Amino acid sequence: MTLKATGASLIALAIGMASGASAAEFDGVVIDAKLIGGQQYEALYARIAEWEEMTGATVNVISKKNHFELDKEFKSDIAARTTGWCVGSNHSSFASQYPSLYTDLSDLIPQETIDGFVKANINAATLGGKLVMLPRAQFDVSALYYQKDIYEDAEKAAAFEAEYGYPLAVPETWDQLKDQAIFFADPPNFYGTQYAGKDEAIVGRFYELVVANGGKLFNDDFSPAFNSDAGKEALQWFVDLYEAGAVPAGTTNYLWDDLGNGFASGTIALNLDWPGWAGFFNDPSASKVAGNVGVAPAPKGSAGVRTGWSGFHGFSVTENCDNKEAAASLVAFLTNEDSQKLESSAGPLPSRTAVWDHISEQAKDDPYRSEVLAAFKETAATAFAVPPTEYWIEATNLIYPELQAAILGDKTVDEALADAADAVDSLMQEEGVY
């Protein structure tokens, strides 16, 4: 028998949770969930058992994958009309693709709960007037992780300055990062840097380099604008590093877990990465670079603009869920202050105002955590989201194979960008965007 809670009982449950009381409001309800998996996301899921005990419901995780694979699965579910599962991981870069999949959480979550989130995150999670997800403590913008001891080596410093004509210091620009990555590289044992080389991941990095170089990915009408001097400069950066052997040969197949594990292995000098890895990198039980990790703001491009491609993770409730109130209760629980304190303790940035205050206070006596927060705070100040089009992912699926072709030497930079721009232009015209 399917059980469904009322809006009144949800509010009663929220009050019970706030007071620490136990209330089995959803006895017998089973919530099917599709969640993002990966090292930086897993700790939060241990709290699901607390919610189950508190509410009497059960969570059945029917899928756990990275977001690129989840995206394919969601689209397949929509096409097959099999969207009766209830809770799904979501992301600001993907959310606009699913206008009919998720319900309006503002009808299910008390306004005072919503008001506890950073307003900009809530605004970005509201599409077509619907609050389609609640943000978790996974606000993403990249800062630069580096191995500190390579900057403390006097011989390296002298050799670098002799070769490049300026002192060796933590890079402030993308050009400096490229110089240093090439200088530090000693393949196949050690590499200067790395980058995610496929799917939306490489297009996002390319996008932020284009912006940092003074360009833009799309024009205001969403026609492609990246086949430009700024775009060519950005793509050449990737090409130069690959041709120099400064990045691992398999980097065109890398995604985020590959980068995180790569830096933690001690074989990468410089790594632009997300805040969720900060704790992992400095954990002696998981990382060979623990105790040797420095963190700096993201580099600037040739236009003096700091890189800042950003987004955030969250949880959504499907429109076809039979138990929306119970599902919304789970989403509220996984994004409440205690959940965000748990996630942010390992490095991720929170999306609740009160938790920002909490982690800042907690970091006062922790030099590494203070350094992490300072670096990400500076980078976040100039952060920018993906272009606001529902065809973002489709466009990236057309762009990334062309970027790869240039990196691997199958096409010139000019050819790759021209072909990518033609493909995106055709997509936007076919979809009636302009």
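The figures follow:
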{"quantity": "Point-to-point label distance, ASP186-TYR166, nm (Cα→Cβ direction, 7 Å offset)", "calculated": "2.5 nm"}
{"quantity": "Net charge contributed by nearby residues that have their C-beta within less than 12 Å of ARG205 (K/R +1, D/E -1)", "calculated": "-3"}
{"quantity": "The chain, accessible surface, carbon-and-sulfur percent (1.4 angstrom probe)", "calculated": "49 percent"}
{"quantity": "Sites GLU337 and ASP257, calculated FRET efficiency, Cβ-Cβ separation with R0 35 Å, nearest 0.05", "calculated": "0.80"}
{"quantity": "Convex hull per residue volume in Å³, alpha carbons only, for the chain", "calculated": "141 Å³"}
{"quantity": "Span-like helix ranges in the chain, DSSP H, alpha carbon extent 20 angstrom or more, Kyte mean at least 0.0", "calculated": "199-212, 392-407, 413-430"}
{"quantity": "Two-site label geometry, ALA49 and THR389: point separation in nm, points 7 Å out along Cα→Cβ", "calculated": "4.7 nm"}
{"quantity": "Reciprocal of mean inverse Cα separation for region 94-151 (Kirkwood radius, Å)", "calculated": "13.6 Å"}
{"quantity": "D_trans [Stokes-Einstein, Kirkwood Rh over alpha-carbon pairs] for region 190-247, 4 °C, 1.567 mPa s, µm² s⁻¹", "calculated": "108 µm²/s"}
{"quantity": "Candidate lysines - alpha carbon under 18 Å from LYS364, same-chain residues fewer than 8 apart omitted", "calculated": "LYS341, LYS377"}
{"quantity": "Relative contact order (%) - criterion: Cα under 8 Å, at least six apart; region: the chain", "calculated": "24 percent"}
{"quantity": "Dipole magnitude (debye, nearest 20) for region 105-148, charges at Cβ of Lys, Arg, Asp, Glu", "calculated": "240 debye"}
{"quantity": "Accessible solvent surface per residue of the chain, calculated while the other protein chains remain in place, 1.4 angstrom probe, Å²", "calculated": "40 Å²"}
{"quantity": "Given LYS72/LYS232; LYS198/LYS411; LYS65/LYS288; LYS64/LYS119, the pairs whose alpha carbons are separated by over 20 Å", "calculated": "LYS72/LYS232; LYS65/LYS288; LYS64/LYS119"}
{"quantity": "Charge dipole of the chain about the Cα centre (unit charges at C-beta), most positive-ward option of SER351, TYR195, ALA374", "calculated": "SER351"}
{"quantity": "Cα→Cβ-extended label distance, 7 Å offset, between LYS148 and ASP410, nm", "calculated": "4.3 nm"}
{"quantity": "Cα centroid separation - region 248-311 against region 383-428, whole Å", "calculated": "24 Å"}
{"quantity": "Cα-centred dipole magnitude for the chain, charges only on beta-carbon of K, R (+1) and D, E (-1), debye, nearest 20", "calculated": "680 debye"}
{"quantity": "Theoretical gain in end-to-end length, ASP366 to ARG81 [0.36 nm per residue, Cα-Cα removed]", "calculated": "97.6 nm"}
{"quantity": "Stretchable slack from ASP27 to VAL433, in nm (0.36 nm times residue separation minus alpha-carbon distance)", "calculated": "141.4 nm"}
{"quantity": "Stokes-Einstein D in µm²/s, Kirkwood radius over Cα pairs - region 209-343 at 20 °C with 1.002 mPa s viscosity", "calculated": "116 µm²/s"}
{"quantity": "Antiparallel DSSP beta bridges within the chain, as percent of all bridges there, nearest 5", "calculated": "70 percent"}
{"quantity": "Positive-end residue, the chain charge dipole about Cα centroid, Cβ charges, pick of SER96, LEU217, TYR207", "calculated": "SER96"}
{"quantity": "Three-way shape call for region 234-278 based on the alpha-carbon gyration tensor, with the a/c threshold at 1.5", "calculated": "prolate"}
{"quantity": "Extended-chain gain in nm, criterion 0.36 nm per residue less alpha-carbon gap, ALA290 and ALA159", "calculated": "44.5 nm"}
{"quantity": "Amide proton proximity set for LEU134, modelled H, under 5 Å, gap of 5+", "calculated": "PHE315"}
{"quantity": "GluC sites (Glu not before Pro) restricted to DSSP loop in region 165-233 with at most 13 other C-beta within 10 Å", "calculated": "none"}
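The values are calculated or read from the model by the stated rules, or taken from the named source; none is laboratory data. Treat the numbers as computed from the prediction; the structure is a model and nothing was measured. We place every Cβ from the backbone using ideal geometry, glycine too, and count neighbours over all the protein chains shown. Side chains are part of the model used for accessible areas, which takes the heavy atoms of the whole protein and leaves out ligands, DNA and RNA. Shrake-Rupley method; radii C 1.70, N 1.55, O 1.52, S 1.80 Å.
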